[in-house]
Amino acid sequence: MSAVILSGLEISNDIRNKLKKKVESMKQNGLHPGLAVILVGNDPASRIYVNNKKKACEEIGIRSFEYVLHEETSEEDLIQLVETLNEDKSVHGILVQLPLPKHINTDNVLLKISPNKDVDAFHPFNVGRIMIGDYCFLPCTPAGIMEIIHRTGIDLQGKECVVVGRSNIVGKPMAMLLLHSNATVTICHSKTENLKDVCRRADVLIVAVGKPKLINAEYVKDGAVVIDVGMNRLENRKLCGDVDFESVLEKASYITPVPGGVGPMTITMLMKNTVMSAELSK
Ligand code: GUN
């Protein structure tokens with residue numbers, strides 16, 4: 001039997017409609033949520049991400065402030081901008097688009113974002129809160145994935161969840177959220193031995209490594225839920241996930257497509273964090 005395709009786009013639209021209504025009523029009460037996005041340099045993929053964030057703000061009614069700085073911007077100037085935005089009462093969320101140019105130390109910059117405006121949840125203070133389960137901002141991609149899993153109706157308690165990838169943005173916080181739902185969690189990475197065998201244990205398999213079609217049907221247990229975080233641009237310009245969709249479709253119970261799966265959910269969770277931050281600022 002063929003898997004059910006989990007449309008992140010549909011779930012996203014549903015959440016965005018709710019956020020839109022919420023923002024309308026906040027604005028009537030004199031509170032207009034605002035998100036500042038900083039892009040340093042000309043990375044084309046980052047430019048697309050930033051444009052999508054701006055569009056989502058417009059759609060929901062969030063005020064967006066965009067700062068595009070040239071590639072040679074110094075770390076000091078970038079930090080200066082972050083500090084100005086920390087003090088700006090019309091800004092409730094600050095996002096520094098990653099990756100930053102090589103001459104800038106990313107950790108130094110993230111550390112300067114006020115934890116109260118850290119809608120990416122990248123500041124070590126918020127990372128620590130995720131670790132202990134005392135959330136304020138949830139990390140956007142993992143939070144979006146939890147929403148998708150939630151819509152399958154599956155109870156994660158006691159389930160085998162395997163996360164492939166150990167990045168600070170996805171793999172590590174993802175494992176924490178699953179753990180807080182009482183799942184049994186394994187994190188795999190490039191040094192994992194017998195990756196196939198570990199993946200085949202998974203009731204829920206989440207893949208975030210950036211390797212096109214790494215995971216085929218041989219890695220998947222019958223009836224597993226498969227979540228593909230990959231966004232790889234192939235030579236023919238087509239987008240492709242880390243999962244071989246056609247191959248896994250026949251084996252999984254649920255699967256996310258690329259595009260239209262996890263991607264739209266990440267931005268939607270960013271919008272949700274921005275609205276929450278504005279509410280908390282009162
Ligand atoms: N670059 C790729 N993903 C992200 C993200 O979620 N947030 C930021 N700030 N940069 C990114």
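Tabulated results
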{"quantity": "Hydrodynamic radius of the chain per Kirkwood, over alpha carbon pairs, in Å", "calculated": "19.5"}
{"quantity": "In Hz, Karplus ³J(HN,Hα) per residue of region 260-271 (6.51, -1.76, 1.60; θ = phi - 60°; x = Gly, Pro)", "calculated": "x, x, 5, x, x, 5, 4, 5, 4, 5, 5, 5"}
{"quantity": "Rh by Kirkwood over Cα pairs, then Stokes-Einstein D for region 1-46 at 1.306 mPa s and 10 °C, µm²/s", "calculated": "112"}
{"quantity": "Estimated translational D of region 79-168 in µm²/s (Stokes, Kirkwood radius over Cα pairs; 4 °C; 1.567 mPa s)", "calculated": "86"}
{"quantity": "Debye, to nearest 20: dipole size of the chain, +1 on Lys, Arg Cβ, -1 on Asp, Glu Cβ", "calculated": "520"}
{"quantity": "Cα-based radius of gyration of region 105-152 once divided by 2.2 N^0.38 Å, which approximates compact folds", "calculated": "1.25"}
{"quantity": "Mean residue ellipticity (222 nm) of the chain, computed from DSSP H runs ≥ 4 via -39,500 (n - 2.57), nearest 500", "calculated": "-13000 deg cm²/dmol"}
{"quantity": "Global size of region 185-235 as Cα Rg and Dmax, reported in angstrom", "calculated": "11.0, 34"}
{"quantity": "With Cα atoms, 0 to 90° folded angle of helix 140-152 axis to the chain main axis", "calculated": "50"}
{"quantity": "Positive-pole candidate from Ala217, Leu239, Thr192, dipole of region 174-282, charges at beta carbon", "calculated": "Leu239"}
{"quantity": "Normalised convex hull volume, region 133-268, alpha-carbon set, Å³ per residue", "calculated": "106"}
{"quantity": "Low-density loop positions, trypsin sites (Lys or Arg not before Pro), region 152-192 - DSSP coil, at most 10 other Cβ in 10 Å", "calculated": "Lys191"}
{"quantity": "Whole-angstrom gap from region 202-229 to region 71-101, using each part's C-alpha centre", "calculated": "36"}
{"quantity": "Selection from Asn52, Val109, Asn17 lying farthest towards where the dipole of the chain points positive, charges on Cβ", "calculated": "Asn17"}
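Here, each number is a calculation from the coordinates, and none is a lab measurement. Just so you know, these numbers come straight off a predicted model, no measurement behind them. With ideal geometry, Cβ positions are generated from the backbone for all residues, glycine too; neighbour counts draw on all protein chains shown.
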